[in-house]
Each structure stands twice: as C-alpha cells, then as structure tokens.
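Quick notes on the structure that follows.
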C-alpha cells in the first residue's frame, strides 16, 4: 500500500501548525481556502474539511490542556488520487473522539442538549475517521472522497 | 461575518453573510438574543449569503429557539445553500426548524397566528 503522505507535488500536501488559541481559527480557515483553491476542490469539500478541522481543533484548544502553556496542534492536508486525507495531531490529554456517544437527533428542541454536535458532524462529513494515541500524542486521521475534481488538470503529474 | 437587519411590520430579518463559526457565533448569538429581549420575537434568518457553519453556529439556533418558546415567538430560516442545508440535515436540525426557500415564505411562516 502506498503512503498517501509522500509525493512530489507540494501543492497537494500542506501542514498548518496552530497554537492552542481559538484566535488561530481564522488563519486555519484562510489556509484551507487557499489549499482548496490551489487544488480545485469543490466548495462542498472545502466546507466538509473546514468543519471537521474546526470541530477537532476547537475541542483540543478548549478542553485538551490544563497547564496554561503554549502548545502546537499540527493539521496536515493531503490529496491522494480521489481522496482528501486530513490529520490532526496534538499533545493534549488523551481524547478519542470516536468514543463519544452520538447525540439523540430526534429529541425535541426543548430537550436538546446545547452543544455535543461537533464530533457527530465530523463523523458524518468524513468517509473514515480513526484515532490513535501515539506516545504522548493524539492523532486523528480522516479521509474524504473528493472525486475527480481533486485531480490536477495539468498532465505532468505522476510517473510518466 | 456580516449581519444586516431588515425590518418589516411583521418580523425582523437578519441577513447573514460569510461564516458562522467559532469566531463569529458569539456576536450572532448576542444579536439574536438582543432582539428577543427587546420583544422582537418573530425572526427570520436569511442565509443566502452564508458560506459556512460549524456546530457553534448551529448551537445559536438552538439557543434562540429555546428562548423564543416561552414567549410564543417564531423563528424561520430561509435560502440555505445546499452545503449549509446538508449540515442542518446531518445535525438533525432540518426537522426542528422552519426552513423555507424564500424570504417571503419565511415571512408568511412567522406571521401565521399561533396554533
């Protein structure tokens, strides 16, 4: 199996290092938009990518640290064939978002808990989500099929 | 995000433009709750120019709906882009809120007498 994190076209791979500060979210959004534009991703893919990453990064920044220190959250983007791969790595307290119970989507408004939706959105917008605790780091890996629109239009990509 | 007010005899319409996310949701929430407190309890949110929403943005609609219930207020959302409508669907919000294609339909919905 080929490694989706290694290829020669720089445009299709990007790493964003964020501080654990909610003030970083606009920069995340700007970088995602630039990445989507450079790769011809459709608006729906940009929205899904931005939503999944905002939810995870917001969780980490809001609940992941208790030490009051500065930390770095690494967000990696990679397009491999028809798939967009996203990865969020942090050194926050262990947190597996896949262990959260799904919210009750049928509850009436008055009984709806406020919040608790973010991870449900992540899982729904992505085709695959996996979690691993690697040493002192949380690593959430996601994949979304973005189809043909993600293919580069130029002809020199690949090994011809 | 920009929020523009458009007032009619029956309702206040807030026209959202841009992104309703972790950066803008608290300003939007204060604005909406401000209207409700001031007695403007028939609200329309026009989302034609809204390009992005995350869970904190969705949460504002829940807060508003809960606040409107005891005062017999009305809330209608209109003109959602397909990608935004999909987020509402996934969140299970589509069936909880009055969502219309046009602002006229939203105005009719919030103007209807109490059942």
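Just so you know, all these numbers are worked out from the coordinates, no wet-lab data involved. Keep in mind that what you see is a predicted model, and the values were worked out from it rather than measured. As a convention, Cβ positions derive from the backbone with ideal geometry for all residues, glycine included, and neighbour counts pool all protein chains shown.
How far apart, in nm, are the 7 Å Cα→Cβ label points at residue A:17 and residue B:67?
4.1 nm
Using a 10 Å cut-off on Cβ atoms, rank the peptides A:138-145, A:35-42 from the highest mean neighbour count down. Please list the in-between numbers first.
Working: A:138-145: 19.5, A:35-42: 17.8.
Top of the packing list down: A:138-145, A:35-42.
Of the beta bridges DSSP finds with both residues in the stretch B:1-54, what % are antiparallel, to the nearest 5? Please report the intermediate quantities before stating the final value.
Working: 6 of 14 bridges.
In the stretch B:1-54, approximately 45 percent of DSSP beta bridges are antiparallel ones.
Rank by packing, highest mean first: peptides A:16-29, A:65-78, with packing defined as the count of other Cβ atoms within 10 Å averaged across residues.
Taking the mean over residues of other Cβ atoms within 10 Å, the ranking is A:16-29, A:65-78.
Rounded to the nearest 5, what is the percent of antiparallel bridges among the DSSP beta bridges in the protein assembly as shown?
Approximately 70 percent, going by the DSSP bridge assignments.
Averaged across the residues of B:48-54, what count of C-beta atoms belonging to other chains lies within 10 Å of each residue's C-beta?
4
Between the stretch A:19-92 and the stretch B:70-115, what's the alpha-carbon centroid distance in Å?
30 Å
Kindly provide the helix-only [θ] at 222 nm of chain B, computed as the sum of -39,500 (n - 2.57) over DSSP H runs of four or more divided by all residues, to the nearest 500 deg cm²/dmol? Walk me through the intermediate numbers first.
Working: 4 runs with 46 residues, N = 115.
The per-residue figure over chain B is -12500 deg cm²/dmol.
Once the Cα atoms of helix B:82-91 and of chain B are each reduced to a long axis, what angle between those two axes, in degrees from 0 to 90 to the nearest 10, is obtained?
Helix B:82-91 and the main axis of chain B meet at about 80 degrees.
Relative to the compact-globule scaling 2.2 N^0.38 Å, provide the ratio for the alpha-carbon radius of gyration of the protein assembly as shown.
So the protein assembly as shown has a normalised radius of gyration of 1.09.
At a temperature of 10 °C and a viscosity of 1.306 mPa s, determine how fast chain B diffuses translationally according to Stokes-Einstein, using the Kirkwood radius over alpha-carbon pairs as Rh; express D in µm²/s, rounded to the nearest whole number.
Numbers: Rh = 13.9 Å.
Once the numbers are plugged in, D ends up at 114 µm²/s.
With axes computed from alpha carbons, what is the tilt in degrees of helix B:25-37 against the longest principal axis of chain B, rounded to the nearest 10 within 0 to 90?
That helix lies at roughly 0 degrees to the long axis.
Over the stretch B:17-103, what is the mean sequence separation of C-alpha contacts under 8 Å (at least six apart), divided by residue count, expressed as relative contact order in percent? Walk me through the intermediate numbers first.
Numbers: 109 pairs, mean separation 29.5, N = 87.
About 34 percent, as a whole number.
Taking every residue in A:137-147, how many Cβ atoms of other protein chains lie within 10 Å of its Cβ, on average? Spell out each step's value before the answer.
Values: counts 0, 0, 0, 0, 0, 0, 0, 0, 0, 0, 0.
Neighbouring Cβ atoms belonging to other protein chains average 0 per residue here.
Across 5 Å bins from 0, what is the distribution of all Cα-Cα pair distances for the stretch B:72-115, in whole percents?
With a bin width of 5 Å, the distribution comes to 5, 23, 29, 22, 14, 7, 1.
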